Amino acid sequence: MEKIRVFIAVDFNDVEVVNSILTLQKRIIDVEADVKFVEKENLHITLKFLGEVTPNTIASIQKVLSDIKFKPFNVFVRGVGAFPNYRNIRVVWIGVEEGFEELKSIQNEIDEKLVALGFKKEKDFIPHLTIGRIKSGRNKDKLISILNEFRDFNFGKQLIDTIHLKKSILTSRGPIYSNLYSIKAM
């Protein structure tokens with residue numbers, strides 16, 4: 001049976017937020033750091049990566065998600081960081097200020113309910129918006145300088161009123177995401 005790569009996420013498509021992220025990405029491009037950026041149409045906060053699952057499992061995940069109830073809330077994104085740290089940068093991310101607890105609460109509820117389907121619980125979920133993955137250490141010092149410059153930058157806020165179960169197809173040009181199922185806030 002064919003398996004499908006899926007994850008659960010909230011999208012970021014607010015024009016102010018996206019334009020602010022594109023400004024940061026352009027600055028990183030200008031210093032010629034070797035970064036593969038998340039495309040503007042793919043910006044999201046992952047609540048749960050589920051990996052490769054069967055269509056039957058997707059139906060079960062949809063049922064679990066249909067039981068999740070939440071009110072619309074704002075997520076204010078501010079500041080830049082790197083995983084695992086600045087010495088060994090692999091991922092560049094933007095932090096979540098307002099909306100942090102709401103995202104953690106929703107993620108925890110999803111986690112709790114998916115345990116029954118055999119998924120493992122996340123350890124120390126930290127909401128963040130990934131904007132790029134480092135391909136090499138080229139111009140790392142210049143990259144770190146830009147990240148420090150944007151350390152406390154206000155990227156704006158996004159109203160979160162929908163959670164998506166997303167399909168991810170990996171291609172040589174980057175991932176292609178599509179929504180398999182969505183739940184709206186009450």
Those residues of the stretch 70-108 which are of a type outside the set (Val, Ile, Thr) and in contact with an Asp or Glu (Cβ under 9 Å, 6 or more places away or on another chain) amount to PHE70, LYS71, PRO72, PHE73, ASN74, PHE76, ARG78, GLY79, GLN107, ASN108
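Listed here are the residues, each with its yes/no results for (1) out of contact with any Ser or Thr (no Cβ under 9 Å at 6 or more places or on another chain); (2) over 18 Å from ILE134 (Cβ atoms); (3) among the polar types (S, T, N, Q).
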{"site": "GLU2", "(1), (2), (3)": "no, yes, no"}
{"site": "ASN74", "(1), (2), (3)": "yes, yes, yes"}
{"site": "ARG90", "(1), (2), (3)": "yes, no, no"}
{"site": "GLU98", "(1), (2), (3)": "yes, yes, no"}
In the stretch 26-60, anything out of contact with any helix residue (DSSP H, G or I) (no Cβ under 9 Å at 6 or more places or on another chain) and closer than 18 Å to ILE146 by Cα is listed as LYS26, ILE29, LYS36
All-but-one check, PHE73 against (1) on the phi > 0 side of the Ramachandran plot; (2) surrounded by 15 or more Cβ atoms within 10 Å (Cβ to Cβ), failing number (1)
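Among the residues in the stretch 44-64, are any among the acidic types (Asp, Glu) and either closer than 12 Å to THR130 by Cα or touching a Leu at 6+ places or on another chain (Cβ under 7 Å) (or both)?
So the first thing to find is which residues in the stretch 44-64 are among the acidic types (Asp, Glu), and the list is 52.
Within this subset, residues satisfying the condition of being either closer than 12 Å to THR130 by Cα or touching a Leu at 6+ places or on another chain (Cβ under 7 Å) (or both) are none.
Within the stretch 44-64 (the criterion being among the acidic types (Asp, Glu) and either closer than 12 Å to THR130 by Cα or touching a Leu at 6+ places or on another chain (Cβ under 7 Å) (or both)), the answer is no, since none of the residues qualifies.
Give GLY174, GLY132, GLY156, GLY137 a once-over and let me know the one that is assigned to a loop (DSSP other than H, G, I, E, B) and closer than 20 Å to GLU39 by Cα. Walk me through how you get there before you give the answer.
Values: GLY132 fails: assigned to a loop (DSSP other than H, G, I, E, B); GLY156 fails: assigned to a loop (DSSP other than H, G, I, E, B); GLY137 fails: closer than 20 Å to GLU39 by Cα.
The conditions single out GLY174.
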Residue hits (the stretch 88-111; of a type in the set (Asp, Glu) and either at pLDDT below 95 or within 17 Å of the chain's Cα centre (by Cα) (or both)) are GLU97, GLU98, GLU101, GLU102, ASP111
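The values are calculated or read from the model by the stated rules, or taken from the named source; none is laboratory data. On a predicted model such as this, the values are computed, not experimentally measured, just so you know. With ideal geometry, Cβ positions are generated from the backbone for all residues, glycine too; neighbour counts draw on all protein chains shown.
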